[in-house]
Amino acid sequence: MLRCCVRFLVFCFLGLLVLMVFALQGFVVWGSSGDDAVARLGEADDALGRAFVAVSGAEDAGADVSGLLVRLNVASGLYSSAEVALQNGNYTLAVERASDCVGLADGVFGDAGVLRGMALDAAAGWWRVVIFSVVGACVFVGVLTGVWVYAKRRYSGHVLGLKPEVTG
Amino acid sequence: MSGLQNIKGVFMVVGLVGVLLFAWPSLGLIVHLPVGEQFSELYILGPGHMASDYPFNVVTGVDYLVYVGVGNHLGSSAYYEWNVKLLNWTEPLPNSTAATPSPLPRLYGYRVFLADNETREDTLTFSFSFLNVTSAENITTVGSLTINGAAYNVDKSCVWDPVYNGTYSRLLVELWLYNASQGALAYHNRFVDLILNMTAGS
């Protein structure tokens, strides 16, 4: 009986310990090592490169990427802060800034993809532009010719309707 | 009939201009204007945003401010990094012919993303800590260099130069450009440097 109670207590203690570890993970910010910071900075470096390639792709497709470049510069500022923090031995701050940089760069990557798709869709409608030009030019020339014919008739009618005037 | 001829001329000019205006969007799809010369800028300005009053005689513990400017004229957006290195008088500068950077390790780097024809200036604040100044051997040893708040142990010896009467070092700024095919930043064959005299007041 006593053995059963001891087993039960040990089981409860271990269970409580596991629960506490899981609960603490949500509240405790664990300190970061230099290796963590270096690894996170590497990820940030990759994310910046990936985002820039996506932005270049969107620009090549004809999208306006000025807003994305502003956000990339914010991300690069975070990257720089992370590097400074790493150099000064503040690994937790370095990981934090590098993570923010990755988040921002990944957001730019996603938005660049959307912008590229929109730009490609707009470029695929090039035939609308050509139709607008051809139809617009034809209508304009037609209207102008009509106005010219009307004005010419009125002018001719006006000249032919004049009565000769004898002077002297 | 000269009046009718004049009106006819006006109608023809208006017609021509109108047709060109309607054709303009389509011409934009076909005609591409030639791109001008493609290049990147890298420059350093003094603390007053002018090409003057550059730091020269440096002493321990004083913050010096300059501005590093990068300009993009490559015809599309670009991803740059400017890197700072500290060289003594005998260490090699980048090789412009071979387009290779200085072999010394980079201390500080700052990345910028620029649209075409955009220029950006950022601050570069630096200060030195001299380990010792050996007057007998005329050597100044730079213990640490702090750039924009990041401290670097450099431990670099600068020897007295009898020709120019000073103990000189160079604060070198190199420009690197992101190469999408390599997936990495690569040296862009542009650099500027500040020559600093490490003896005064130290």
Report task. Could you identify the single residue in B:Asn95, B:Asn72, B:Asn88 that is open to solvent by less than 60 Å² (accessible area, probe 1.4 Å) and either at pLDDT 95 or above or among the basic types (Lys, Arg) (or both)? Result -> B:Asn72
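Considering only the range A:124-168, state which residues are aromatic (Phe, Trp, Tyr), facing another protein chain (nearest Cβ under 8 Å) and closer than 30 Å to B:Pro25 by Cα.
Correct list: A:Trp126, A:Phe132, A:Phe140, A:Trp148.
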**Report entry** Pair list, Cβ under 9 Å, 6 or more apart: the range B:146-167 residue without any contact (Cβ under 8 Å) to a residue 12 or more places away in the chain, other residue of a type in the set (A, V, I, L, M) and surrounded by 14 or more Cβ atoms within 10 Å (Cβ to Cβ)
**Finding:** B:Ala151/B:Leu145; B:Asn153/B:Leu145
Query raised in the report: Of all the residues that make up the range A:51-64, how many are open to solvent by less than 50 Å² (accessible area, probe 1.4 Å) and either of a type in the set (A, V, I, L, M) or more than 10 Å from chain B (Cβ to nearest Cβ) (or both)?
Result: 6
Query raised in the report: Just wondering, is there one or more residues in the range B:103-117 that are out of contact with any Asp or Glu (no Cβ under 7 Å at 6 or more places or on another chain) and more than 14 Å from chain A (Cβ to nearest Cβ)?
Result: yes
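Kindly provide the set of residues from the range B:107-144 that are among the small types (Gly, Ala, Ser), more than 18 Å from B:Phe56 (Cα to Cα) and either at pLDDT 85 or above or in contact with a strand residue (DSSP E or B) (Cβ under 7 Å, 6 or more places away or on another chain) (or both), ordered by number. Show your work before the answer.
The initial filter retains those residues of the range B:107-144 that are among the small types (Gly, Ala, Ser), namely B:109, B:115, B:127, B:129, B:135-136, B:143-144.
Now restrict to residues that are more than 18 Å from B:Phe56 (Cα to Cα): B:109, B:115, B:135-136, B:143.
The answer is B:Gly109, B:Ala115, B:Gly143.
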Report task. Name the one entry in A:Glu96, A:Glu43 that is among the acidic types (Asp, Glu), more than 9 Å from every other protein chain (Cβ to nearest Cβ) and either within 16 Å of B:Ala78 (Cβ to Cβ) or surrounded by 18 or more Cβ atoms within 10 Å (Cβ to Cβ) (or both). Result -> A:Glu96
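Quick check on the range B:12-41: of everything there that is part of a helix (DSSP H, G or I) and of a type in the set (Gly, Ala, Ser), which residue is farthest from the chain's Cα centre (by Cα)?
Taking the range B:12-41 and keeping what is part of a helix (DSSP H, G or I), we get B:12-30.
When the remaining residues are screened for being of a type in the set (Gly, Ala, Ser), the result is B:15, B:18, B:23, B:26, B:28.
Working: B:Gly15: 51, B:Gly18: 47, B:Ala23: 42, B:Ser26: 39, B:Gly28: 34 Å.
Across the range B:12-41, the extreme among qualifying residues is B:Gly15.
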Report summary line: Considering residues that are in contact with a Leu (Cβ under 9 Å, 6 or more places away or on another chain) and not in a loop (DSSP other than H, G, I, E, B), the number found within the range B:42-93 is 22
Report task. Kindly indicate whether A:Asp121 is charged (D, E, K, R), within 30 Å of A:Leu41 (Cα to Cα), more than 9 Å from chain B (Cβ to nearest Cβ) and assigned to a helix (DSSP H, G or I). Result -> no
Requested in this report: Filter the range A:65-88 for residues that are surrounded by fewer than 17 Cβ atoms within 10 Å (Cβ to Cβ), more than 7 Å from every other protein chain (Cβ to nearest Cβ) and free of Cβ contacts under 8 Å to residues at least 12 places away in the same chain and give the result.
Outcome: A:Gly67, A:Val70
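The values are calculated or read from the model by the stated rules, or taken from the named source; none is laboratory data. The shown structure was predicted, so the numbers you read here are calculated from the model rather than taken from an experiment. Backbone-built Cβ (ideal geometry, glycine too); neighbour counts: all protein chains shown. With ligands, DNA and RNA removed, areas are computed over all heavy atoms of the protein, side chains included. Shrake-Rupley method; radii C 1.70, N 1.55, O 1.52, S 1.80 Å.
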